[in-house]
1. Given the criteria crowded, with 18+ Cβ neighbours inside 10 Å, at pLDDT below 95 and more than 14 Å from every other protein chain (Cβ to nearest Cβ), does A:LEU215 qualify?
2. What number of residues within the stretch B:15-65 are modelled with pLDDT under 95 and within 24 Å of A:ALA354 (Cβ to Cβ)?
3. In the stretch A:286-339, which residues are β-branched (Val, Ile, Thr) and either modelled with pLDDT under 95 or closer than 18 Å to A:VAL74 by Cβ (or both)?
4. Determine whether B:GLN14 is out of contact with any Leu (no Cβ under 8 Å at 6 or more places or on another chain) and more than 14 Å from chain A (Cβ to nearest Cβ).
5. Which residue is surrounded by the fewest Cβ atoms within 10 Å (Cβ to Cβ), if the candidates are limited to the stretch A:4-15 and must be out of contact with any helix residue (DSSP H, G or I) (no Cβ under 8 Å at 6 or more places or on another chain) and part of a loop (DSSP other than H, G, I, E, B)?
6. Would you call A:GLY139 more than 14 Å from chain B (Cβ to nearest Cβ), on the phi > 0 side of the Ramachandran plot and surrounded by 14 or more Cβ atoms within 10 Å (Cβ to Cβ)?
7. Could you look through the stretch B:23-43, keep only residues that are within 12 Å of the chain's Cα centre (by Cα) and in a loop (DSSP other than H, G, I, E, B), and pick out the one that is nearest to the other protein chains (Cβ to nearest Cβ)?
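The values are calculated or read from the model by the stated rules, or taken from the named source; none is laboratory data. The structure presented is a predicted model; accordingly, all values stated were derived computationally and were not measured. Cβ placement follows ideal geometry from the backbone for every residue including glycine, while neighbour counts extend to all protein chains displayed.
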Amino acid sequence: MHPEQPTRDWTTDYDIFDAGFVRDPYPAMHDIRESTCPVAHTERWGGSWMPTRYDDIVAIAQEHDVFTSRNIIVVPPPPGVLEGPYAGVAAPPITSDPPEHHWHRRTILPTFAPQAVAKYEDGTRALCDRLIDSFIEAGQADAAADYAQQIPVRVIATMLGVPLEMADEFTSWVRGVLEIGLTDAKVRLENRMKILGFFRGQLDDRKANPREHDLITDLLNTKVDGELVSENYVMGVCNLMLVAGIDTTWSAIGSSLWHLAQHPEHRRQLCDQPEIWPTAIEELLRAYSPVTMARIVDRDTEFQGCPMHAGDRVLMSFPAANRDPRQFDDPDDVILDREHNRHVAFGAGIHRCAGSNLARLELRVALQTWMERIPEFELIEPEAVTWAGGQVRGPRRCLVRFT
Amino acid sequence: MRARVDADKCHGHQSCAIASPEVFGSDLYGNAVVLLDPVPAHLEASARRAAANCPERAISIQEEA
């Protein structure tokens, strides 16, 4: 499945797990985008297409009847995933297609509207403060592992009403599915089973011991057209929140701190002009978009001259779209007060990230709290920063010194 | 000036409300709504900026009220 030879031609043989690409994918994305073949193809990792231009990626996102979401992971599912007790559990609404997609999504959207997620701001700020308390005296920290990684998992656990003290286990399961598991089918399947087994237990517990109010209880009590929703749907939403809500936002926080550690002028700008924070958050999301999703081609079609067949996988490289010079002036420059920014870090079309308002809140609070308490910091050893990539790209080890 | 959101195109990015929080807001589902119609003169630039930040190109601006 995985040819050991290094990639020679990125337009016909790209490797999303190539170490150099994971560390810095932008030069290869640029080369593909500006080549005569801006929709690249590879046979590696089960085979896929990878458009790199903004307009192409947005067009595919909007053409959801041809480019379906029946599987959204960047590599094919491991054998055995469609069998066993949780065979019917997906990750709605991200894995749903119309017409079910409509109610799958509409049921959870109010939970994630800006006015609804605002209630998590104070708790997130207190969490960030506690994390900083734990390392500020040391004069240095791992901005990825000690800080960024610790935040979204606790916010999501709070929302779901599951034990916060299991945060490290949740993180390990999610990495097992979305990071290590992408290139190791056994790990991916094992961790999927751990996640679904855990939520099965949570559902059973709430049925035996009803709780007044938490998200899982609310989901179990949700009716559509007069009927309670299925437990597979509830399990699927929980699965999505854990898997999609943790290392995505953690990666965005980590990449942003990695950037700020190297740009004193941007640290000063945020101190001197705090009113630009909302715009700055959008720019950091654009420049360091963590997430690549996949689509499955429903029926044979031609896209930009490429013969795509039913069942083919298309990688939606939102990071590549967001660096397209056809859409963004000076796309490789981070301009914190960028005036026009139609970025698609959260995707586009009907599958726009349902948790985007929560992710933004966490990113803003995490960065603001850090900058208030640690306004000056730098990378200890830039070459030692490690990155994860593939589906979600961000730093996993990022030591910084407070100066 | 009047601003309009095409409800079929809006998918709730909320980019407009970030660019122009006085003119744009969110409904129960997080989709965009116009809060000020017509748009007051001092917020016209802000509303144009919101339109230019929408990834779905769902916002249209009618310059004359």
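1. Details: crowded, with 18+ Cβ neighbours inside 10 Å: yes; at pLDDT below 95: yes; more than 14 Å from every other protein chain (Cβ to nearest Cβ): yes.
Taking the combined requirement at face value, the residue satisfies it.
2. Qualifying residue count, the stretch B:15-65: 0.
3. Going residue by residue through the stretch A:286-339, those that are β-branched (Val, Ile, Thr) are A:291-292, A:296-297, A:301, A:314, A:334-335.
Result: A:VAL291, A:THR292, A:ILE296, A:VAL297, A:VAL314.
4. Values: out of contact with any Leu (no Cβ under 8 Å at 6 or more places or on another chain): yes; more than 14 Å from chain A (Cβ to nearest Cβ): no.
No; evaluated as a whole, the condition is false for this residue.
5. Quick first cut of the stretch A:4-15, residues out of contact with any helix residue (DSSP H, G or I) (no Cβ under 8 Å at 6 or more places or on another chain) only: A:4-6, A:8-9, A:12.
Going one step further and asking which of them are part of a loop (DSSP other than H, G, I, E, B), we end up with A:4-6, A:8-9.
Details: A:GLU4: 4, A:GLN5: 9, A:PRO6: 10, A:ARG8: 7, A:ASP9: 13.
Once the filter is applied, the top-ranked residue is A:GLU4.
6. Values: more than 14 Å from chain B (Cβ to nearest Cβ): yes; on the phi > 0 side of the Ramachandran plot: yes; surrounded by 14 or more Cβ atoms within 10 Å (Cβ to Cβ): no.
No; evaluated as a whole, the condition is false for this residue.
7. First, the residues of the stretch B:23-43 that are within 12 Å of the chain's Cα centre (by Cα): B:23-26, B:31-39, B:43.
Next, from what is left, pick out any that are in a loop (DSSP other than H, G, I, E, B): B:23, B:31, B:35-39.
Values: B:VAL23: 14, B:ASN31: 8, B:LEU35: 13, B:LEU36: 17, B:ASP37: 20, B:PRO38: 23, B:VAL39: 18 Å.
My answer is B:ASN31.
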